[in-house]
Amino acid sequence: MSESPPRLVTAVILVAAGSGQRLGYGMPKAAVPLGGEPILMHALRGIVASGVATQVCVALPAGDQGLRQLCDDFRGELADGGPLLTLVDGGSTRAHSVRAGIAALMEGIEAVLVHDAARALTPESVFHRVSDALAAGADAVIPALPVVDTVKTVAATTGEGADFAPEVVTGTARREELRAVQTPQGFRTGTLVQAHQAAQALDQEQSAAVTDDAMLVEMLGAPVHVVRGSTQSLKITTPLDLIFAEGLLEGPLGARWVEG
């Protein structure tokens, strides 16, 4: 069996600037407690444990000294030669936060993984699959899972139907072709930089329609490859998500090391 190609020199941009309003804690999402520690700490430890990163660039809410102190304290856990930890102020949108991370990349970074702190329990194996695909030659790689629900397209109801339902079905998507996308999303550095440079020309409506970095690469016409994600990579957005994440930490599967 042939050996896998060596991994590229990689940075992880960890997007942790979200407000967390839907969680209802009155604090940034990255600071919300999960299993007795802030969500941010679980995300950072997962990245470091995966061993893929030479640099971890964390985009935090501008002016948040509490989260900055957490990151500074975390540096003490990296005293044995872990990745360089760089802190930047995130922006008003996810894209702005990613661009702030790109601007802070150290020299020699060949690949960038963009990861959401809200997916704090992503298993190490997902990081490895994304990194290995980049090393094998892909320019853009995303982890994803098959969609199990039936998905409908809809439009606003007009005429008499508006009296009893706000929307009407316009079609049914082929479930076999659908995937639920997760992070980390991986890119060759030049590809990600080019995609974000091109995105600066988008108008406000076009920018609002972009929900992840892979969409920007798709707009370049470049292929985006897909590897297997994990059910443990749930995105913590609502109080119910937080309950599920707590269950993963406390349940028989343990934390992040058992593949979901």
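Given Cα pairs under 8 Å that are at least 6 residues apart, what percent is the relative contact order of the range 100-218?
So the answer I get is 34 percent.
Tally up the carbon and sulfur contribution to the accessible surface of the chain as a whole percent, 1.4 Å probe, everything protein left in place. Working shown, then result.
Values: 7060 of 13070 Å².
Carbon-and-sulfur percentage of accessible area, whole number: 54.
If you add up the charges near GLN65, with Lys and Arg at +1 and Asp and Glu at -1, over every other residue whose beta carbon is less than 15 angstrom from its beta carbon, what do you get?
-3
For VAL168 and TYR25, what does the FRET efficiency come to when R0 = 30 Å and r is the distance between their Cβ atoms, rounded to the nearest 0.05?
FRET efficiency, VAL168 to TYR25: 0.20.
Got a sec? What order do ARG174, ARG75, ARG129 fall in by accessible area at 1.4 Å, biggest, i.e. largest, first? Write out the running numbers ahead of the final one.
Working: ARG174 140, ARG75 95, ARG129 55 Å².
Result of the area sort, largest leading: ARG174, ARG75, ARG129.
THR86's amide H: which non-local residues (gap 5+, or another chain) put their own amide H closer than 5 Å, with H modeled 1.01 Å from N in plane and none for Pro or chain starts?
For THR86, the qualifying residues are VAL56, CYS57, VAL58.
Using the Karplus equation 6.51 cos²θ - 1.76 cosθ + 1.60 (θ = phi - 60°), what ³J(HN,Hα) coupling, rounded to whole Hz, does each residue of the range 86-96 give in order, writing x for Gly and Pro?
Residue by residue, the range 86-96 yields 10, 10, 9, 7, x, x, 6, 10, 4, 4, 5 Hz.
Normalised by the residues of the chain, what does the relative contact order come to in percent, with Cα pairs under 8 Å and at least six apart?
Numbers: 480 pairs, mean separation 60.1, N = 260.
Reported relative contact order: 23 percent.
Give the distance, in whole Å, between the Cα centre of the range 67-109 and the Cα centre of the range 196-216.
23 Å
Apply the Karplus parameterisation 6.51 cos²θ - 1.76 cosθ + 1.60, with θ equal to phi minus 60°, to every residue of the range 128-136 and state each ³J(HN,Hα) to the nearest whole Hz, in sequence, with x for glycine and proline.
Once θ is set to phi - 60°, the couplings for the range 128-136 become 5, 5, 5, 5, 5, 5, 5, 4, 7 Hz.
Counting only heavy atoms of the protein chains, get the accessible area per residue of the range 52-173 (1.4 Å probe) and round it to a whole Å² value. All intermediate terms of the calculation are to be shown ahead of the outcome.
Numbers: 5640 Å² over 122 residues.
Per residue, the range 52-173 has 46 Å² of solvent-accessible surface.
Once you have the Cα-Cα distance between VAL147 and ARG68, take 0.36 nm times their residue separation minus that, and quote the gain in nm to one decimal.
In short, 24.8 nm is gained.
What list of ³J(HN,Hα) values in whole Hz, one per residue of the range 50-66 in order, does the Karplus curve 6.51 cos²θ - 1.76 cosθ + 1.60 (θ = phi - 60°) give from phi, with Gly and Pro shown as x?
Going residue by residue, I get 5, x, 8, 9, 8, 9, 10, 10, 9, 8, 10, x, 4, x, 7, 6, x Hz, with x marking Gly and Pro.
Add -39500 (n - 2.57) for each DSSP H run of 4 or more in the chain, then divide by its residues: what number comes out at 222 nm, to the nearest 500 deg cm²/dmol?
On the way: 8 runs with 80 residues, N = 260.
Roughly -9000 deg cm²/dmol at 222 nm, from the helical runs in the chain.
The values are calculated or read from the model by the stated rules, or taken from the named source; none is laboratory data. Keep in mind it's a predicted model, so treat the numbers as computed, not measured. Neighbour counts are summed over all protein chains in view; Cβ atoms, including those assigned to glycine, are modelled from backbone coordinates with ideal geometry. The accessibility values were calculated without ligands, DNA or RNA, using every heavy atom of the protein model including side chains. Shrake-Rupley method; radii C 1.70, N 1.55, O 1.52, S 1.80 Å.
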